Every structure is written in structure tokens, then in C-alpha cells.
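Since the structure comes first, as C-alpha cells, the remarks are kept for the end.
Just so it is clear, none of the values below were taken in a lab; they were calculated from the coordinates. Source: prediction; values computed, not measured. Counting neighbours? That spans all protein chains shown, and the Cβs are built from the backbone with ideal geometry, glycine included.
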Amino acid sequence: MRKPFVAGNWKMHKTVTEARHFVSELVPALQVIEGVDRVICPPFPSLLAVAALLEGTDVQLGAQNMHWEASGAFTGEVSPTMLAELCQYVIIGHSERRTYFGETDETVNRKMHSALTYNLTPILCVGETLEQYEAGQTREVVFRQIKLGLADLELSDGNAIVVAYEPIWAIGTGRASTADAANAVISDVIRVALAEMFGDEIAQAVRVLYGGSVKGNNAAEFFSQPDIDGALVGGACLKVGDFTQIVQAATRS
Ligand code: PEP
């Protein structure tokens, strides 16, 4: 049994003051929901303050990106060792990083290795563009992103990583994938690639999320699919009520 998992990616939203207020309201609402791993991923400046507020709760913390080196002359970057003092998770290869900041499958792969080395659980994001979707290339694109993003990793525990299937055309657009179609990509492409690389047992143990315009009113449909283990949520994680509703829906999956 894979435990449901819901992560909120705040992207570049909320100052430290806003983050403190928000988390003070969010945590009591999330704390009463059992049986779901709940993770919030604020921007870097808020991590320290939010980590302090999450102490003693079951809500966990993630970062949205990191460099692969532990330290060095990399102005403006944040390292895995810095994050490991604060967070349990880190999002790797989000499509906004790939599209706007030049991340490639190779840099994603370096970050995956580094996150595992420094005891962070990476949430690897994969997904096709609208153009690739319309050209019928979803399966080959996602398969390649999994193979290259996870290349040469040694995994002995499926819980060491999380994967998020996020069709780019569904992110922030209000146009979510259908639950059936997302489930098919996860079962026929992502788990197949994972099985080729790490064996069936691990492929069945890795939590795979859907992301892309998940809201309170469509979350349950995604979570009812056998291969969708939760969601990576953008816009709807910025409001206490919306995010709580999505986490609550995951308890019934
Ligand atoms: C995301 O940024 O990962 C995401 C899924 O965003 P949204 O929920 O806003 O589509």
C-alpha cells in the first residue's frame, strides 16, 4: 500500500510574514487529517521560519529547487546540505525550472543524485509540453525524462523518491488532464520505466503524483485512480481551505 501524498508548491508567492500567518492557519487544519503525507514547499527565504512552525507537527517541509553541489562559488544558489538542515523534501525539475531556467534532464539527474546523497527526498517532475501532447509524443517524452532523470541512481527503497507527472499544458491553466489519461501515463509509462530501471517491487512502491490544475472539486477523481498516489498542487495550495480540501480528498483514495 502506498500512502497518499499531497505537496503544495507555493512557487514565488508569500513573504516571510505572510508565510508565518498562512502556516499558523494551515497547520491546525492539516493536523487533523490522518493517513496522508502532507508537505508544503515555500520559497527559500521562508523555510527557516516555516520549519520552526512545523516542529512537533506531522506536516513536512520541502524546497522548490537546489544546486547539486554541497557548497562552492555558485552565486545565488542553495545547496542540499543547507536544505537538509531544514527540509525533508525538494522538488526537482519542475517544468517552470526547465522552461525558464534552462534545466535539462542532465542537470535534473545531477540534482537527483545529490538530493539522495544528502538525505533529501526528491520529488521529480516530468511532463510533456502542449506541442508534444498534440503531436502524440507524451509517452516517449515522459519515458525519456524518467530514464534520464533517474539514470545511474541506486534505489533500494521506493520511498526514497517521489515522482510527479505534470503535463505542462495543465499547469496553472485550469485545464486539468482527465484522471483516466493521467493514470494511464503513470501506469503504462512511468511505472514501466521504473520497473525496467529498479525492478517491479520498487516500481510499485514509488509514490507517483498527478499535478496540473488540481482543485478541491476535481482532486477526488484523480485520487480514485489506482496508480495516482496524490497530487503536487500549485495555485490551490495558497489558500487554507482549498489545500485542506485536496488533502482531505486524498484520505479516501
Ligand atoms: C505546479 O506548479 O506544480 C502545479 C501543478 O500548478 P497548478 O496546480 O497551479 O496547476
**Q.** Within-10-Å neighbourhood charge of SER95 [Cβ basis; K, R +1; D, E -1]
**A.** -2
Q.
Can you work out the Karplus-derived ³J(HN,Hα) for every residue in the stretch 116-121? Use 6.51 cos²θ - 1.76 cosθ + 1.60 with θ = phi - 60°, whole Hz, and x for glycine or proline.
A. 5, 4, 9, 6, 9, 8
Q: Evaluate the Debye formula for the chain with equal point scatterers sitting on the alpha carbons, no solvent, and hand back log10 of I(q)/I(0) at q = 0.09, 0.13 Å⁻¹, in q order, two decimals.
A: -0.34, -0.75
Q: May I ask which residue of GLY234, ASN159, TRP169 lies farthest towards the positive end of the charge dipole of the chain, with charges of +1 (Lys, Arg) and -1 (Asp, Glu) on Cβ and the Cα centre as origin?
A: GLY234
(Q) Taking 24 Å as the cut-off for C-alpha to C-alpha distance, list the pairs among LYS111/LYS239; LYS11/LYS215; LYS147/LYS215; LYS3/LYS215; LYS11/LYS111 that go past it. (A) LYS111/LYS239; LYS147/LYS215
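Expressed as a rounded percentage, what relative contact order does the chain have, with Cα pairs under 8 Å and six or more residues apart?
Normalised by residue count, the contact order of the chain is 21 percent.
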Q) How high is the relative contact order of the stretch 1-131, given as a whole-number percent (alpha carbon pairs under 8 Å, six or more residues apart)? A) 20 percent
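Assign unit charges at the C-beta atoms only (+1 for Lys and Arg, -1 for Asp and Glu), then state the dipole size of the stretch 150-197 relative to its Cα centre in Debye, rounded to the nearest 20.
Roughly 280 debye, rounded to the nearest 20.
Provide the net charge surrounding GLU106, with neighbours chosen by a C-beta distance below 14 Å and charges set as Lys +1, Arg +1, Asp -1, Glu -1.
+3
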**Q.** Positive-end residue of TYR210, THR117, LEU194, charge dipole of the chain with Cβ unit charges
**A.** TYR210
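Counting other beta carbons within 10 Å of each residue's own, what order do PHE22, PHE143 fall into, fewest first?
Ordered from fewest to most neighbouring Cβ atoms within 10 Å, PHE22, PHE143 come out as PHE143, PHE22.
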Q | Spherically averaged projected area in nm², based on the convex hull that wraps the Cα atoms of the stretch 85-127 | A | 3.0 nm²
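List the relative contact order of the stretch 95-156 as a percent without decimals, with contacts defined as Cα pairs under 8 Å and 6+ residues apart. Working shown, then result.
On the way: 37 pairs, mean separation 23.6, N = 62.
Relative CO of the stretch 95-156 lands at 38 percent.
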Q) For the stretch 144-253, which GluC sites (Glu not before Pro) are both in a DSSP coil and crowded by at most 13 other Cβ atoms within 10 Å? A) GLU154
Q.
Run lengths n ≥ 4 of DSSP H only: what is the helix-derived mean residue ellipticity at 222 nm for the chain, with -39500 (n - 2.57) per run over all residues, to the nearest 500?
A. -11000 deg cm²/dmol
Q: Step through the residues of the stretch 28-34 one at a time and calculate ³J(HN,Hα) from phi using the Karplus curve (6.51 cos²θ - 1.76 cosθ + 1.60, θ = phi - 60°), rounding each to whole Hz and writing x for Gly and Pro.
A: x, 5, 7, 4, 7, 9, 9
Q | Integer Hz, Karplus 6.51/-1.76/1.60 couplings in order for the stretch 201-216, x for Gly and Pro | A | 4, 5, 4, 7, 8, 5, 6, 10, 9, 9, x, x, 6, 6, 10, x
**Q.** Dipole magnitude (debye, nearest 20) for the chain, charges at Cβ of Lys, Arg, Asp, Glu
**A.** 540 debye
Q: Using only the Cα atoms of the stretch 83-218, each taken as one equal point scatterer with no solvent, compute I(q) by the Debye sum, divide by I(0), and report log10 of the ratio at q = 0.12 Å⁻¹.
A: -0.44
Q: Please compute P(r) over all alpha-carbon pairs of the stretch 63-106, binned at 10 Å starting from zero, and give each bin as a whole-number percent.
A: 26, 54, 20
